[in-house]
Amino acid sequence: MAQTWIKMRRSWELYLLVLLPVLYLIIFKYIPMFGVIIAFKDFNVVKGILGSPWVGFKHFENLFQSPNFSVLIKNTLLISAYSLLAGFPIPILLALALNEIRTGFFKRSVQMITYAPHFISTVVMVSIIILMLSPHVGVVERIFTFFGLPTTNFMGEPGLFKSIYVWSGVWQEMGYASIIYIAALAGVDPSLYEAARMDGASRLKKILHIDLPSLIPITITMLILSLGNLMAVGFEKIFLMQNPLNLSTSEVISTYVYKVGLLGANFSFSSAVGLFNSVINLVLLIAVNAIARRVSENSLW
């Protein structure tokens, strides 16, 4: 104990530096977990969390028996899986392509152009999407009209919602998401490229036998984290893109919790929905990590 205290005194600057992030996690992440118990109560604002009557799994039973339950799960899983399948490999491919570019100016230009959309706020991004796809006045509509193609209300078509949501997100995030893979490629030993060049390896073979193997550890880590958040579809963008016409395919757990919990003031039921969602994410994270540890040497723990 004394030795530990001495080491802490010697490195007090580092502990001071990490103090604020730790306090943030405790105050905003761990302490609010106490409020999860309202999922098992009929929460009354006047009586408070502890004074509200205990009802057990009543709200969970109502969730599972709700006609909206299957639709919510289906939409959440489909949008998440679509986003993962479309959005996960593209940053890797972009990082590999940028790693092969030798012209400094062109490489920096591509990086700047692909990184920039990440810094556009969600509200502005959705406004751009709606303006571009609006009937009669949108850019896409004008292009369709110019080529004599049939026009459609893209934002009002339920079948198009997932593709619009996913591919606009891929365009916005692929550059920023590629940074971690570019950093991993920057750490590859240059002697490996020299040896491959001496052996007459083509660029494709260098990518297959040097670049891709070097990306496997970070790729597995990012895949585990992504699958662990499979049920956690972002709220803001989907909510802003929703309208009465596409609601059948755009209603997900996060937007449902907002409408039922805040707008409908049914805090206990919405907490039960949110807790169910979090438990599923935790189970997925543990399962995927266990699988990754068995099939490879890389895992989160």
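The values are calculated or read from the model by the stated rules, or taken from the named source; none is laboratory data. Since the model is a prediction, treat every value here as computed from it, not as a measurement. Cβ coordinates were reconstructed from backbone atoms using ideal geometry, including for glycine residues, and neighbour counts include every protein chain displayed. Heads up: the accessible areas ignore ligands, DNA and RNA and are worked out on the full protein's heavy atoms, side chains in. Shrake-Rupley method; radii C 1.70, N 1.55, O 1.52, S 1.80 Å.
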**Message:** Quick check on SER121: is it of a type in the set (Gly, Ala, Ser), loosely packed, with under 13 Cβ neighbours inside 10 Å and under 17 Å from LEU240 (Cβ atoms)?
**Reply:** yes
**Prompt:** Which ones in the range 4-43 are closer than 30 Å to ASN62 by Cα and open to solvent by 80 Å² or more (accessible area, probe 1.4 Å)?
**Reply:** PHE28, LYS29, TYR30, ILE31, MET33, PHE34
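Where residues in the range 232-250 are among the small types (Gly, Ala, Ser) and surrounded by 15 or more Cβ atoms within 10 Å (Cβ to Cβ), which of them is nearest to ILE120 (Cα to Cα)?
If we filter the range 232-250 for residues that are among the small types (Gly, Ala, Ser), which is where we start, we get 232, 234, 248, 250.
In the following step, the residues that additionally are surrounded by 15 or more Cβ atoms within 10 Å (Cβ to Cβ) were identified as 232, 234, 250.
Working: ALA232: 21, GLY234: 16, SER250: 22 Å.
Of everything passing the filter in the range 232-250, GLY234 is nearest to ILE120 (Cα to Cα).
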**Message:** I'm trying to understand the selection: among the residues of the range 70-84, which are closer than 16 Å to VAL257 by Cα and of a type in the set (S, T, N, Q)?
**Reply:** SER70, ASN75, THR76
**Prompt:** Only one residue in LEU25, LEU63, LEU17 is within 30 Å of ILE164 (Cβ to Cβ), out of contact with any Asp or Glu (no Cβ under 8 Å at 6 or more places or on another chain) and part of a helix (DSSP H, G or I). Which one?
**Reply:** LEU63
**Request:** May I ask you to list the residues in the range 74-97 that are farther than 21 Å from THR221 by Cα and buried (at least 19 other Cβ atoms within 10 Å of the Cβ)?
**Result:** ASN75, THR76, ILE79
**Fill in**
Counting only helices (runs of 4 or more DSSP H) entirely within the range 152-231, those with at least 2 residues that are open to solvent by 30 Å² or more (accessible area, probe 1.4 Å) and over 25 Å from VAL295 (Cα atoms) are 158-177, 179-186, 190-198, 203-206
**Request:** Using the structure shown, decide if SER109 is over 30 Å from PRO190 (Cβ atoms), small (Gly, Ala, Ser) and in a helix (DSSP H, G or I).
**Result:** no
**Fill in**
Restricted to the range 54-67 and to residues being surrounded by 14 or more Cβ atoms within 10 Å (Cβ to Cβ) and out of contact with any Phe, Trp or Tyr (no Cβ under 7 Å at 6 or more places or on another chain), the residue farthest from LEU212 (Cα to Cα) is LYS58
